[in-house]
Amino acid sequence: MKLEGRNALVTGAGRGIGAAIALRLAADGADVVVNYLDDQDEAEGIRAQIEAMGRHSAALRADISNVAQAQRLMEEAITALSEIDILVNNAGIEKRAPFLDITPEQYQAQIAVDLSAPFFLTQAFVRQRVAARRPGSVINISSVHEDLPFPHFTAYCMAKGGLKMMMRNLAIELASCGIRVNNVAPGAIATPINRTLLSDPKLLKPLLANIPMGRMGQPDEVASVVSFLASDEASYITGTTIVVDGGLLWSYSEQ
Ligand code: BGC
């Protein structure tokens, strides 16, 4: 198994893409810490599924938008599994708001969860890897919107665009420490974050029309790429984004 003996921390792993990633990393041999914010039962359910595969796991609550809690999460994850060598910055929030309406609180929450949390978690991760003189892999779940404008989602796009530059910078800065840093950029994936869209045919139809493959992606189709990037099969890949979007990002056509 390609991740045997590896230990991962996945943020926002109670549901959606994060849960699929946690389960996939475990299926590929890793022990996995499941971070969650608000639903302990859901996270314990994922932990139980990981343990049923014969792996070690722990479900750890933390509001990673708070820097002290993010740092504490990394410490607790290391205590739980004795070391962490794969960090998946998955947790994210997304708030639709026209530019003229977005409040300072909404703006700051978006940037805190989607950009600052990955920054400080990665810093805590790298500190312990460098102190132990051990290699590691960081994978950020960004979005096609690290490149693609999305009207009414400016703060979200700013955070994802920032995550792209964070990844590119750190890939260079940390290469000599044996730490690889990459992004996975999903397009439209069927998860709880877009529940409203999924249940409204009027919203869904124009979205599907933008996707050359004509369907939304499944969380597993993102998780398999994360597992690949975390493994030695991707040993020469750093500083890059793998887009998982059914062709959405570069889709353009005329009648
Ligand atoms: C967002 C989805 C959106 C998709 C494609 C993702 O980053 O989370 O809400 O449908 O991008 O635009």
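Here, each number is a calculation from the coordinates, and none is a lab measurement. Everything numeric here is computed off the predicted structure, so don't read it as measured data. Here Cβ is always computed from backbone atoms with ideal geometry, including for glycine, and neighbour counts include all displayed protein chains.
Things worth noting here:
- Taking the average, over residues, of other Cβ atoms within 10 Å as the packing measure, peptides 190-199, 79-88 rank 79-88, 190-199 from highest down.
- Placing pseudo-labels 7 Å out from each Cα toward the beta carbon at residue 67 and residue 251 gives an inter-label distance of 4.0 nm.
- Label-point separation, residue 134 to residue 99 (7 Å along Cα→Cβ), nm: 4.7 nm
- Once C-alpha pairs closer than 8 Å and six or more residues apart are averaged by separation and normalised to the residue number of the chain, the relative contact order reads 19 percent.
- The distance between label points at residue 200 and residue 40 comes to 3.4 nm (points 7 Å beyond Cα on the Cα→Cβ vector).
- Fluctuation leader among 27, 132, 159 - the chain, Gaussian network, Cα springs under 10 angstrom: 132
- Of the residues 146, 44, 233, the one that moves most in a GNM of the chain with alpha-carbon contacts below 10 Å is 233.
- Look at where the Cα atoms of the stretch 165-194 and of the stretch 47-109 average out, and the two centres are 15 Å apart.
- Furthest towards positive pole of dipole, 201, 14, 120, structure part the chain, Cβ charges: 120
- Candidates 116, 137, 224, ranked by Gaussian network fluctuation over the chain, Cα under 10 Å, top entry: 224
- Longest site-free stretch - the chain; sites: chymotrypsin sites (Phe, Trp or Tyr not before Pro), DSSP loop, at most 16 other Cβ within 10 Å: 100-235
- Treating r as the C-beta distance of residue 123 and residue 2 and R0 as 25 Å, the FRET efficiency rounds to 0.40.
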